[in-house]
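Presented below is the structure to which this report refers.
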Amino acid sequence: MSQPTIESILNEKRLFEPPADFAADARIKSMAEYQALYDKAAADPAGFWAELAEQELHWFKKWDTVLDWQPPFAKWFSGGKLNISYNCLDRHLTTWRRNKAALIWEGEPGDSRTLTYAELHREVCQMANVLKDLGVKKGDRVGLYMPMIPEAAIAMLACARIGAPHTVVFGGFSADALRDRLNDAEAKLVITADGGFRKDKVIPLKAAVDQALENNAVPSVENVLVVERTKSGVPMVAGRDHWWHDLQPTASGNCPAEEMDAEDMLFILYTSGTTGKPKGVVHTTGGYNLYTHMTFQWTFDHKDTDVYWCTADVGWITGHSYIVYGPLSNGATSLMYEGVPRPSNPGCFWDVVEKYGVNIFYTAPTAIRAFMKMGEAEPKARDLSSLRILGTVGEPINPEAWVWYQQVIGGGNCPIVDTWWQTETGGFMLTPLPGATPTKPGSATKPFPGIIADVVDLDGNPVGDNEGGYLVIKHPWPSMMRTVYGNEERFRRTYWEHIPPKDGQYLYFAGDGARRDEDGYFWVMGRVDDVLSVSGHRLGTMEIESALVSHPAVAEAAVVGRKNEITGEEVFAFVTLESHHQPSDELKDELKQHVIKEIGIIARPADIRFADSLPKTRSGKIIRRFLRNLASGEDIVGDATTMEDQSVLDKLRQGA
Ligand code: 6R9
């Protein structure tokens with residue numbers, strides 16, 4: 001018998017139709033239109049993507065083959081020549097967009113800058129020329145360790161322009177994490193800043209680079225290019241370190257974009273799994289450009305008049321695909337904000353929306369739950385009427401947080417696009433199209449046209465409607481990762497061998513549990529590693545957490561399994577409360593009853609622990625494996641360096 005798949009227990013029935021006036025104006029206006037696109041793509045995926053590639057991108061030379069699929073290795077548009085920086089910049093300069101805002105940037109201390117497409121193009125060319133002068137050649141890897149300033153996007157585009165793959169390391173990572181990634185990628189040069197502002201403090205980025213490179217610990221690195229941001233007076237190593245503001249003034253603003261093969265590597269981005277060292281996810285040029293371009297355009301229903309804001313950091317895939325490449329390839333105005341909500345300015349996001357008249361806003365469930373906890377006063381005090389689409393990404397969103405987002409931030413009339421995707425997928429895989437797809441709170445709805453998704457058991461057999469299983473993708477798509485940098489074996493093992501290929505068909509294993517309902521909507525239930533097993537029932541974390549969050553006192557919940565001799569595992573819940581609610585034993589009992597009422601006795605938490613905050617990754621995902629250790633009274637095992645705030649664990653331990 002095959003291993004049991006995951007049981008689904010969440011019963012969310014609310015349905016939100018796209019507002020009629022929104023649909024009337026949208027690029028894709030109805031489910032019939034969506035279905036037609038989906039069917040066309042499913043019938044002939046290569047033809048579908050080839051037509052869009054021709055229509056939407058600039059090619060120096062057309063491809064020879066649309067798709068060359070030698071599982072698990074895909075090549076898209078082989079022989080085609082293009083440059084993503086050309087598609088993001090140069091081609092807009094011959095249109096009215098030349099003087100359109102490409103980037104609007106707001107710094108944490110309140111400084112700001114707008115770069116038009118012409119201005120951005122000039123600075124990208126200048127940096128590209130500086131990189132060349134410092135010896136960077138096509139194919140050399142460049143490490144970026146940057147705050148959220150325009151130069152982060154400029155550096156990415158400059159690398160792409162000369163064909164030097166970038167590897168962006170999030171500015172919150174430690175010197176050790178930076179050193180490992182630079183070594184794995186064998187980076188030749190590092191671009192950084194003296195520091196960045198975060199939560200009213202200076203983050204000493206250059207000092208971390210110095211530490212990472214100490215004692216020649218990264219022998220491949222020859223030069224460091226430093227952008228001045230905080231003016232914190234950092235030491236410079238003669239011969240190695242160079243100020244951008246010294247080199248920029250004399251650098252030419254003309255640098256023709258290198259003609260790249262569609263399959264030339266565009267970037268490496270490291271993603272940490274639960275075990276082992278981080279994987280260098282490799283993306284290439286043509287397929288990635290096309291797919292991020294199309295998903296941005298259709299999922300955000302992009303119009304040329306829109307101001308679009310994604311709150312992610314450029315250090316994550318969301319920043320790569322949906323702050324820089326997808327938006328700029330479409331000629332959009334992309335807003336970058338250096339700050340995050342902080343005690344001195346909890347309403348800063350809403351200030352930014354009001355100040356710039358943001359139309360499309362894209363953030364993460366962790367942020368939405370934090371806003372819920374803070375209450376409605378901050379958003380209500382601002383004019384948010386410019387918003388027309390709201391997006392979410394990063395974790396399953398609890399229906400209560402979804403509804404709050406829709407009502408309090410969206411004023412009840414913005415479609416919510418819950419986009420399920422991964423570093424590995426490059427772009428949105430499951431997502432509503434806002435003028436077409438009726439949405440259900442907590443569901444990422446349906447596959448983007450061209451994506452064949454399914455829910456299967458470990459033998460690769462599709463499970464029935466509403467049965468939980470493993471989320472897989474059945475046909476290659478243009479922006480799929482090509483390999484793990486320097487480790488093909490790990491690429492095969494992690495993504496293609498969990499579920500053995502059947503009849504020659506390879507299934508991409510996403511590592512997430514999911515179910516598909518009777519309407520064909522997908523419900524992602526969380527990482528498979530987080531599934532718990534209670535009396536033989538395998539339960540995803542998201543559904544029990546959603547039940548807890550639907551209680552008015554609960555802001556956020558994380559559920560893990562704790563060993564139980566009789567049931568195998570029992571449900572252990574960590575809960576943070578909304579302001580104005582106090583922990584008590586009565587509340588614990590009430591929450592247990594609430595879960596029984598919402599889901600049933602099987603999901604009843606055996607124990608609940610109240611906490612001030614939950615351990616999260618720096619991109620805002622709850623780290624359940626530490627909570628598992630805590631729930632069982634074990635020591636924390638595994639790498640804690642990806643954590644946002646190390647003190648959270650100490651507090652949780654003391655609360656035991
Ligand atoms: C884009 C990004 C990928 C993992 C993914 C899944 C979770 C992301 C989600 C979601 C449910 C969504 N995830 N979006 N789960 N609904 N809308 O986050 O990439 O950092 O690689 O994480 O995030 O578990 O497998 P990445």
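Some notes on this structure:
- Members of region 96-125 that are part of a helix (DSSP H, G or I), open to solvent by 10 Å² or more (accessible area, probe 1.4 Å) and in contact with a Ser or Thr (Cβ under 8 Å, 6 or more places away or on another chain): Arg98, Asn99
- Considering the conditions (1) outside any helix (DSSP H, G or I); (2) without any contact (Cβ under 8 Å) to a residue 12 or more places away in the chain; (3) of a type in the set (A, V, I, L, M), Ile596 is excluded by exactly one of them, (1).
- Restricting region 384-398 to residues that are of a type outside the set (Lys, Arg) and away from the ligand (no atom under 12 Å from the Cβ), the residue that is surrounded by the fewest Cβ atoms within 10 Å (Cβ to Cβ): Ser385
- Scanning region 285-316 for residues that are open to solvent by 10 Å² or more (accessible area, probe 1.4 Å) and in contact with a strand residue (DSSP E or B) (Cβ under 7 Å, 6 or more places away or on another chain) gives Val307, Thr311.
- A Cβ distance below 6 Å, combined with a sequence gap of six or more or placement on separate chains, defines the contacts here; from region 411-428, residues that are within 18 Å of Phe509 (Cβ to Cβ) reach residues that are near the ligand (Cβ under 6 Å from one of its atoms) and part of a strand (DSSP E or B) in the pairs Trp420/Val524; Thr423/Thr271.
- Residues in region 204-262 that are of a type in the set (Ser, Thr, Tyr) and assigned to a loop (DSSP other than H, G, I, E, B) were compared, and the one that is farthest from Pro109 (Cα to Cα) is Ser220.
- A residue that is assigned to a helix (DSSP H, G or I), within 9 Å of the ligand (Cβ to nearest atom) and under 20 Å from the mean Cα position of the chain (by Cα) can be found somewhere in region 365-383.
- Where a residue in region 192-221 is of a type in the set (Val, Ile, Thr) and its partner, wherever it lies, is open to solvent by 70 Å² or more (accessible area, probe 1.4 Å), with Cβ under 6 Å and at least six apart: none
- For Trp49: the one exception among (1) more than 26 Å from Ala332 (Cβ to Cβ); (2) in contact (Cβ under 8 Å) with a residue 60 or more places away in the chain; (3) open to solvent by less than 50 Å² (accessible area, probe 1.4 Å): (1)
- For region 426-447, the count of residues that are under 21 Å from Val528 (Cα atoms) and away from the ligand (no atom under 16 Å from the Cβ) is zero.
- Residue, farthest from His92 (Cα to Cα), within region 301-352, restricted to residues that are of a type in the set (Asp, Glu) and more than 16 Å from the ligand (Cβ to nearest atom): Asp351
- Residue list for region 401-425, filter: more than 9 Å from the ligand (Cβ to nearest atom), open to solvent by less than 10 Å² (accessible area, probe 1.4 Å) and part of a loop (DSSP other than H, G, I, E, B): Gly410, Cys414
- Here Gly513 passes the criteria (1) closer than 20 Å to Leu67 by Cβ; (2) under 24 Å from the mean Cα position of the chain (by Cα) except the one numbered (1).
- The listed residue being within 25 Å of the chain's Cα centre (by Cα) and among the acidic types (Asp, Glu), out of Asp529, Asp589, Asp585: Asp529
- Top-ranked residue of region 535-554 - restricted to ones that are surrounded by fewer than 23 Cβ atoms within 10 Å (Cβ to Cβ) and assigned to a strand (DSSP E or B), ranked as nearest to the ligand (Cβ to nearest atom): Arg538
- Of residues in region 470-503 being in contact with a Pro (Cβ under 8 Å, 6 or more places away or on another chain) and more than 15 Å from Phe448 (Cβ to Cβ), the one nearest to the ligand (Cβ to nearest atom): Tyr495
The values are calculated or read from the model by the stated rules, or taken from the named source; none is laboratory data. Note that the coordinates shown come from a computational prediction; the quantities given were computed from them, not determined experimentally. Positions of Cβ are generated from backbone atoms using ideal geometry, with glycine treated the same way; all protein chains shown enter the neighbour counts. Note: accessible area is taken over every heavy atom of the protein model, side chains too, but ligands, DNA and RNA are not part of it. Shrake-Rupley method; radii C 1.70, N 1.55, O 1.52, S 1.80 Å.
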